Amino acid sequence: TQLLEQSPQFLSIQEGENLTVYCNSSSVFSSLQWYRQEPGEGPVLLVTVVTGGEVKKLKRLTFQFGDARKDSSLHITAAQPGDTGLYLCPNAGNNRKLIWGLGTSLAVNP
Amino acid sequence: DAGVIQSPRHEVTEMGQEVTLRCKPISGHNSLFWYRQTMMRGLELLIYFNNNVPIDDSGMPEDRFSAKMPNASFSTLKIQPSEPRDSAVYFCATLGWNEQFFGPGTRLTVL
C-alpha cells in the first residue's frame, strides 16, 4: 500500500513571503496531481505531472516532480491571502482511485 | 454547467437517525465518487460508480452505509443508523478527463 506524506502539515505565513510544501511517497508515483481545497469547498485540480524531473508553472506556483517520481514540491512566490487552503497531492495513476495524503494546510495572513 | 451539486450543505442529527446525502453530478461525467473527509484520516474514498453501476465499495465503513445511483443525474449516500463517529464532511465528485470535480460537500454532525 502506497503511503503519502505531506509536509509541513500546517503553515502560517505573512502575505508576500515565499514557501515550499512537499509531497513524498513510499513508492513511485505513476502520475501525481496537486489540488487546492479552499475553506468550505471541495478540492480543485491545479496541475498534473507525469514525467520525472518535470517542472510546471501556474502564475506564482511552481510544481516540481522528482527525478525518481517518488516526491514532488510546490513552491509559491509572494504568497497572497487567496492562496490560503489545503494543498493535496494524490497519486493519480488510477484516476478512479486516487491515493490521498492528509495535505498541507496553508494560511496566508494579510 | 453548475458543477457538482450536493445537498444539504449542513446536516445536524441525533445518533440513531437516518441521514441521506444527495448529489447531482456534472452532465456527461460517467464516474461518480463519494468521499469522507476528517482531520485525522483526510479524504477517504467510500464508493465509486461507473455508468451508474457500483464498481468499488471497499471503502464503505460498514453496513450502516449504503449508496445508490438510480440514474446518471442523481446519487445518494445513506447512513442508517447514524453514529457520532460518522461526523465528517462528505464529498461527491465526478470524473472529467483525468480530473476529479468535487462538489462543495455536506458537513454532517451527529450528536
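Since every read-out is calculated from the coordinates, none of them should be taken as a lab result. If you're wondering where the values come from, they're calculated on a predicted model, not measured in any experiment. When we count neighbours, we look across all protein chains shown, and the Cβ atoms used for this are built from the backbone with ideal geometry, even at glycine.
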Quiz item: Within a Cβ distance under 11 Å of B:Gly103, other residues only, what is the Lys/Arg minus Asp/Glu net charge?
Solution: +2
Self-check item: Average beta carbon contacts from partner chains per residue of A:30-40, 10 Å cutoff
Solution: 2
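How would you rank A:22-35, A:3-16, highest first, on the average number of other Cβ atoms within 10 Å across their residues?
Highest to lowest by the protection proxy: A:22-35, A:3-16.
Using only atoms on other chains, find how many Cβ atoms lie within 10 Å of each Cβ of peptide B:93-101 and report the average. Could the numbers behind the result be given before it?
Working: counts 3, 0, 3, 2, 1, 7, 7, 11, 4.
The mean count of partner-chain Cβ atoms within 10 Å per residue comes to 4.
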Practice problem: Provide the per-residue ³J(HN,Hα) series for the range A:56-69, in order, calculated from phi with Karplus coefficients 6.51, -1.76, 1.60 and θ = phi - 60°, each as a whole number of Hz, with x at glycine and proline positions. | Solution: 10, 10, 9, 6, 8, 9, 10, 10, 10, 9, x, 4, 8, 6
Self-check item: Amide hydrogen neighbours beyond the local backbone of B:Ile5, cut-off 5 Å, H modeled
Solution: B:Lys24
Practice problem: Restricting to chain B, compute how many DSSP beta bridges are antiparallel as a %, nearest 5. | Solution: 90
Exercise. Determine the alpha carbon to alpha carbon distance for each of A:Lys97/B:Lys24; A:Lys57/A:Lys97; A:Lys56/B:Lys24 and list only those over 23 Å.
Key: A:Lys57/A:Lys97; A:Lys56/B:Lys24
